[in-house]
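The values are calculated or read from the model by the stated rules, or taken from the named source; none is laboratory data. Note that the structure is a prediction, hence the values are computed from the model and not measured. The protein model used for the area step is the full one, side chains on, heavy atoms only, and it has no ligands, DNA or RNA in it. Shrake-Rupley method; radii C 1.70, N 1.55, O 1.52, S 1.80 Å.
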Amino acid sequence: MPRDHRPAKSIRVLLAEDQGMARGALALLLGMEPDIEVVAQVSAGDAIVDAALVHRPDVALLDIELPGRSGLDAAAELREQVPDCRVLILTTFGRPGYLRRAMEAGAAGFLVKDGPVEELAVAIRRALTGETVIDPALAAAALSAGPNPLTARECDVLNASADGATVADIAGRLHLSESTVRNYLSSAIGKTGTRNRTEALREARQRGWL
């Protein structure tokens, strides 16, 4: 719809998506809604907060897996830096652990990308009124999956091991003793029901715990 046919107060949206074609298509489709205006588009997680501070969106649509910084981490900082901005997590990966982390970060909603843009527009409007908007199937899965059993330190150690780092490397990065690192890895392996740290890392990521 032409800009001069928009209502006097459009919903200002920031869009964070690293795939250029998907980002452009989504911005175009949302821009066709009479009451929605995409005021900023970013391709990296570490650009989200700065863009929000400049453009002051009403709603931020954030992917999770972004270069530089995850959308979940950015959501938590947005809550502090731009408290009037409502955050919707929009992702390909409908993992229960991601939903729990999104809610802990203060997100107003969690939606998967395969839904029609009309439903997304409705979710944006609902979020702006103060509602929490969650994909129903994902909400049910999150409830059945239970909370993340890993502690923050166990998550740190697993993440630090992602590039094949040795126990000594991990200890150096996290300023821990090697025996402490081994204990955390052993605990994480036990909690994920896996045989080694590589499998533990993969399982934790698949469940959205990391």
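List of remarks:
- Cα-based shape type of region 77-128, given that a ≥ b ≥ c are square roots of the gyration tensor eigenvalues and the cut on a/c is 1.5: oblate
- Residue-normalised accessible area of the chain, given per residue in Å² at a 1.4 Å probe: 50 Å²
- The value of relative contact order for region 11-143, using C-alpha pairs under 8 Å at least six residues apart, is 22 percent.
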